[in-house]
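To keep things clear, I will list the structure first and then write my remarks on it.
The values are calculated or read from the model by the stated rules, or taken from the named source; none is laboratory data. Keep in mind that what you see is a predicted model, and the values were worked out from it rather than measured. Please note: Cβ atoms are built from the backbone with ideal geometry, for glycine as well, and neighbour counts cover all protein chains shown. We work out accessible area using only protein heavy atoms, side chains counted, and drop any ligands, DNA or RNA first. Shrake-Rupley method; radii C 1.70, N 1.55, O 1.52, S 1.80 Å.
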Amino acid sequence: MGRLRIGTFDRSYDPANHEYGYTLATETAPGSLSFGTAEVTTERSNPTSGDRWFAATLNPSFPFATTFLGDYSNIAATPDGGVVAYWTDMREDATFAGVTRKGEDAYFARIGP
């Protein structure tokens, strides 16, 4: 029997509950439903302000908050027991028509066995 692994967009890294990273949760023993976690991202994103493409300002404290983080995330097990993961985040600037804010881009990582 194998161990369950789950990839998540995770805001637990930020006490203000704004920034998120991508996390891999791995079952500590097969069938235990107890998990250890590891952050996969190398940089966190703040969807509460500064989005270039999918922005709305419903609260003045959060100007240009994103309304869409992207729907591209997944993990896959590798034959050697590792995991490959991809996700979207907002670390990169995006400029269009003279306006620069944060854009959503896809990222990839391999996590060893």
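Here are the numbers for the structure shown:
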{"read-out": "Test result for D71, open to solvent by 80 Å² or more (accessible area, probe 1.4 Å) and in contact with a Pro (Cβ under 6 Å, 6 or more places away or on another chain)", "value": "no"}
{"read-out": "Number of the exception - A29 against (1) under 15 Å from I6 (Cβ atoms); (2) among the aliphatic types (A, V, I, L, M); (3) part of a loop (DSSP other than H, G, I, E, B)", "value": "(1)"}
{"read-out": "Failed criterion for T88 (all others in (1) closer than 26 Å to A16 by Cα; (2) open to solvent by 70 Å² or more (accessible area, probe 1.4 Å); (3) without any contact (Cβ under 8 Å) to a residue 40 or more places away in the chain; (4) part of a strand (DSSP E or B) hold)", "value": "(2)"}
{"read-out": "Flag for L58 being on the phi > 0 side of the Ramachandran plot, assigned to a loop (DSSP other than H, G, I, E, B), among the hydrophobic types (A, V, I, L, M, F, W, C) and open to solvent by 50 Å² or more (accessible area, probe 1.4 Å)", "value": "no"}
{"read-out": "Number of the condition not met by F64 [criteria: (1) among the hydrophobic types (A, V, I, L, M, F, W, C); (2) surrounded by 12 or more Cβ atoms within 10 Å (Cβ to Cβ); (3) under 30 Å from R5 (Cα atoms)]", "value": "(3)"}
